[in-house]
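Since the structure comes first, as C-alpha cells, the remarks are kept for the end.
The values are calculated or read from the model by the stated rules, or taken from the named source; none is laboratory data. Note that the coordinates shown come from a computational prediction; the quantities given were computed from them, not determined experimentally. Methodologically, a virtual Cβ is constructed for each residue, glycine included, from the backbone with ideal geometry; neighbour enumeration extends over all protein chains shown.
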Amino acid sequence: MSDRIDLSEHPAPPAVETPAPGIRHRRRPNDILLARLGRAASHAWPALAAYALVRIIGVAALALRAGDDGPSLGKLLASRFDTVYYVHIAQYGYAAPLAEGCVVQGPMCKYAFFPLYPGIVRAVSEVLPLPVATVAWGVSLLGALLAAWGIYAVVERVAGRRTAIVAVVLWGIAPHAVVESMAYTEPVFTALCAWALYAAVGRRWVYAGVLASLAGLTRPSGAAVVAAVVLTALWTLVASRRGREGGAERPERTGSLLATILIAPLGWFAWFAWVGYRAGDWRGYFQVQDKWGSTFDGGVFTLHRIADVFLKAPLSLNTVVGAATVITAVVLFVICVQQRLHPALLVYAAVLLLIAVGGAGYFHSKARFLLPAFPLLIPAARALAAARPAVMYTIVVTGTLVSSAYGTYLMMVWRRSP
C-alpha cells in the first residue's frame, strides 16, 4: 500500500486575496452609521420594550372607557385640545382663520404654537394618504419611542444601564404620561432634547447644536436645552483654552464649539423674531401669550395655587396632582444637584423647572410642562435600580396601574387640556 496521497482528491482551499501594502478597505459612512444604530438599538431594546408595555397598558385602560357615551379612543388621542390647533396649522398654515369652537380666537393666536411639529405632520401627510390627525398621532408615537431611546442613552451614559431602563419606565408612567400617547408636541420635543443632551454629554458639539435648534422650533421651553447646550459648550471652550495654554493634550476643537454656540439658539430666536415681524412689534410672541392668559411672575401664582391645596377644599384631582408634581420636581432637582449630575442635565432641568414654576396662567398644565424634564427621574431610578427586584417590580406595577387610571381620568373626566 502506498503512503502517497493523491492531491487531486483534496483540492486546495481558495486563495485569500490580501490587499497590497498601503491599501485599506474602507467601509462606507452609511454602513458604519447603520451598524452603530443597529448596535445601539439592540442594546436599548429592553428599555424600549418596557416603555412600550407600560404605555400600551395606559392606552388599553383608556380604551375600556372610550366610546361609552363619549368620544372614541381615536378622537381622544388625536383630535382634542391643543391637537386641534396643530392639525389646523398643518392643513392650512398660520394665516387661515380658525374653526368655530376653538378656545382662543384672533389672527395671531395660532402663533403660540411653534412650527416644527405641524411642519413634520404636513410633510408626512403629503406622502401618506391618511387623515392629518392620524398622521399627527403617528408622528407623536414615533417621537415617544425616540424620546424613550434618547432618555435611555443619556441615563445609561451617566448612571448605568439598569438605572437607564428604570428611568425610561418611570417616564412612561409619570402622572401625565398619557400625553406621550397623544398627538401633542411633548414626545417629539423630549426626543430632540434627549438626543441633544446625549450629544452634548458625548461632546459631539455640532449634533448637539443642530438638535437644540430644532427643539427651539418645537416648544417655547426649548430655551432649556438651548441654555444647556450653549452653557456647556461655553464652559468647555474656556476649559479647552486654558488646557491649550497649559500644554494639555487633545484640546477641544474651537471651531466646533463656536459653531454649536451659534447654531443652538437659532431656531428659538428665529420663531420669536418671525412672530414679532408678523405682529409688527418685537414683543409679538409675548402679546400672543397674553391672549392665552400665560405670563411669567417668577412663581407667585404657582405658590398661591399650591397653598390652595392645603388651605382650600374641595379641589380637583388634577390640581392636587399638579401641586404634588411641582413639589416633587423641586425636591428631585435638589437631589440631582447633591448627586452632582452632569452640568448639561442640571441646566436643562433647572430651566424647565423655572419655566414651569415661574409661569402664571394654566396651573393644571404644569405637570405636563415638566414631562420633558427626565433628568429629574434619575435619583428615583437609581434608588429603584438598587432595590431588591421584588420591591422594584411592586413599585413599577403599582405605578403603572395608578398612571393608567389617572390618564383615563384626565381624558374622560377632566374636560380641559391635560
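How many residues are at pLDDT below 90, buried (at least 20 other Cβ atoms within 10 Å of the Cβ) and more than 20 Å from Phe286 (Cβ to Cβ) if we restrict to segment 89-124?
0
Quick one: which of Leu401, Leu371 is aliphatic (A, V, I, L, M) and part of a loop (DSSP other than H, G, I, E, B)?
When all the criteria are applied, what remains is Leu371.
Can Ala385 be described as over 21 Å from the mean Cα position of the chain (by Cα) and either surrounded by fewer than 17 Cβ atoms within 10 Å (Cβ to Cβ) or without any contact (Cβ under 8 Å) to a residue 40 or more places away in the chain (or both)?
Considered against the rule, which asks whether it is over 21 Å from the mean Cα position of the chain (by Cα) and either surrounded by fewer than 17 Cβ atoms within 10 Å (Cβ to Cβ) or without any contact (Cβ under 8 Å) to a residue 40 or more places away in the chain (or both), Ala385 comes out as no.
Please work out if Ala159 is more than 17 Å from the chain's Cα centre (by Cα), closer than 23 Å to Trp414 by Cβ and buried (at least 17 other Cβ atoms within 10 Å of the Cβ).
Against the criterion (more than 17 Å from the chain's Cα centre (by Cα), closer than 23 Å to Trp414 by Cβ and buried (at least 17 other Cβ atoms within 10 Å of the Cβ)), Ala159 does not qualify.
Failed condition for Pro71, given (1) loosely packed, with under 13 Cβ neighbours inside 10 Å; (2) modelled with pLDDT of 70 or more; (3) in a loop (DSSP other than H, G, I, E, B), with all others met?
Looking at each condition in turn, Pro71 falls short on (1).
Restricting to segment 272-317, name every residue that is of a type in the set (Ser, Thr, Tyr), at pLDDT 90 or above and more than 26 Å from the chain's Cα centre (by Cα).
Once the filter is applied, which keeps residues that are of a type in the set (Ser, Thr, Tyr), at pLDDT 90 or above and more than 26 Å from the chain's Cα centre (by Cα), segment 272-317 yields only Tyr277.
Identify the residue in segment 263-306 that is in a helix (DSSP H, G or I), among the charged types (D, E, K, R) and in contact (Cβ under 8 Å) with a residue 12 or more places away in the chain and, among all such residues, is surrounded by the most Cβ atoms within 10 Å (Cβ to Cβ).
Applying the filter and picking the extreme gives Arg305.
What about Thr325, is it over 23 Å from Val225 (Cβ atoms) and among the β-branched types (Val, Ile, Thr)?
Taking the combined requirement at face value, the residue does not satisfy it.
Can you spot a residue in segment 328-338 that is of a type outside the set (Phe, Trp, Tyr) and buried (at least 23 other Cβ atoms within 10 Å of the Cβ)?
No, segment 328-338 contains no residue that is of a type outside the set (Phe, Trp, Tyr) and buried (at least 23 other Cβ atoms within 10 Å of the Cβ).
Taking the residues in segment 173-208 that are of a type in the set (D, E, K, R) and modelled with pLDDT of 95 or more as candidates, determine which candidate is surrounded by the fewest Cβ atoms within 10 Å (Cβ to Cβ).
Filtering first and then ranking leaves Glu186.
So, in segment 165-178, of the ones that are in contact with a Lys or Arg (Cβ under 8 Å, 6 or more places away or on another chain) and of a type in the set (Gly, Ala, Ser), which residue ends up farthest from Met411 (Cα to Cα)?
Gly172
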